[in-house]
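Engineer: I'd like to ask you about the structure that follows.
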Amino acid sequence: MKHIVLYYFLQKLILKGTDIYTYDIPILVVITFWSVSVIIWKINNKQIQLDHDWIQTEQDEKAYFLTIKNIHLNEYGSYSAEIPKHNIQTTSQVKVKPENIKILKHVHIVPDEQQSDNLILEIQLNKPLSTDIILL
């Protein structure tokens, strides 16, 4: 998970562009000096609809979190948090990159001895790591 702090103790932080890979779970964090009743989250100046199951907001005392599960390429841009009561807004540029896929194991195609019209995909694994991804 990647945390992006947008605001801290009401002093704007200047954040350079943040790179996120597709299907990461970025968490945008706003930290305030006092509790705030309303925070409006936006992307490219449009309010983010919070009624989707892949978008979640949470509050922990004076910290406010926006979690986007499985971010996609088209969800790049200017993410902002606005506190309308105090007319405060802060923004961070987010770039979404395609996830790099590496072939970690060699794959062999062998004829199926029982059914000659079929081929068998043979993958030789020792002990797969938790980071190994097998696409079939």
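Engineer: Within the stretch 95-107, does at least one residue satisfy the condition of being more than 17 Å from Asp19 (Cα to Cα), modelled with pLDDT under 75 and part of a strand (DSSP E or B)?
Structural biologist: Checking the stretch 95-107: at least one residue is more than 17 Å from Asp19 (Cα to Cα), modelled with pLDDT under 75 and part of a strand (DSSP E or B).
Engineer: Further question: Can you name the residue in the stretch 49-89 that is of a type in the set (A, V, I, L, M, F, W, C) and under 11 Å from Pro26 (Cα atoms) and is also surrounded by the fewest Cβ atoms within 10 Å (Cβ to Cβ) among such residues?
Structural biologist: Selected residue: Ile55.
Engineer: Is the stretch 23-34 home to any residue that is modelled with pLDDT under 80, in a strand (DSSP E or B) and of a type outside the set (A, V, I, L, M)?
Structural biologist: yes
Engineer: Between a residue in the stretch 29-53 that is closer than 14 Å to Pro84 by Cβ and any residue that is assigned to a loop (DSSP other than H, G, I, E, B) and at pLDDT 80 or above, which pairs come within a Cβ distance under 8 Å, given they are 6 or more apart or on different chains?
Structural biologist: Val30/Ile39; Trp41/Ile48; Trp41/Leu50; Lys42/Ile48
Engineer: While we're looking at this one, here's another question. Here is a check on your reading of the model: is Lys85 at pLDDT 75 or above, outside any strand (DSSP E or B) and of a type in the set (Lys, Arg)?
Structural biologist: The answer is yes for Lys85.
The values are calculated or read from the model by the stated rules, or taken from the named source; none is laboratory data. In this text the structure is predicted, and so the values were computed from the model without any measurement. Reconstructed Cβ throughout: ideal geometry from the backbone, glycine too, with neighbour counts over all protein chains shown.
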